[in-house]
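Here the structure comes first, spelled out in structure tokens, and everything after it is commentary.
The values are calculated or read from the model by the stated rules, or taken from the named source; none is laboratory data. In this text, all values refer to a predicted model and were calculated from it rather than measured experimentally. Cβ placement follows ideal geometry from the backbone for every residue including glycine, while neighbour counts extend to all protein chains displayed.
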Amino acid sequence: MTEPRERTRRFPGDFAGGASPAFTHLVVLVEEGMRSGRLRGDDPLEVTLALTAAVQGLVQLHLGGRIGLAEEEFRELCRRTVRRVLDGLLA
């Protein structure tokens with residue numbers, strides 16, 4: 001379980017302000033997908049949060065010993081999960 005931290009970045013304010021470089025990079029990619037018409041128009045921050053939350057949840061389960069896959073199999077599971085979420089966002 002994740003413990004609360006005092007000085008952690010908080011959604012949406014810190015993420016909208018670009019305080020997380022990795023998250024900001026993904027937001028840019030989601031925005032580009034929406035502008036190009038490949039992804040359905042939506043809130044880019046919330047879409048990016050959905051993508052990252054899915055993978056972060058898998059990582060926490062894996063680290064907690066709840067997913068019994070070798071590293072490469074686990075990485076493939078993460079890739080498939082992201083594809084599944086993206087498939088739901090396609091325009």
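A compact table of results
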item	result
In segment 17-42, the residues that are out of contact with any strand residue (DSSP E or B) (no Cβ under 8 Å at 6 or more places or on another chain), under 30 Å from GLY64 (Cβ atoms) and not aromatic (Phe, Trp, Tyr)	ALA19, SER20, PRO21, ALA22, THR24, HIS25, LEU26, VAL27, LEU29
Of all residues making up segment 21-41, the number that are in contact with a helix residue (DSSP H, G or I) (Cβ under 7 Å, 6 or more places away or on another chain) and either among the β-branched types (Val, Ile, Thr) or surrounded by fewer than 16 Cβ atoms within 10 Å (Cβ to Cβ) (or both)	4
Failed item, numbered, when GLY13 is tested on (1) more than 17 Å from VAL85 (Cβ to Cβ); (2) surrounded by 12 or more Cβ atoms within 10 Å (Cβ to Cβ)	(2)
Residues (assigned to a loop (DSSP other than H, G, I, E, B) and touching a helix residue (DSSP H, G or I) at 6+ places or on another chain (Cβ under 7 Å)) located in segment 43-68	ILE67
Some residue of segment 70-91 being at pLDDT below 95 and aromatic (Phe, Trp, Tyr)	no
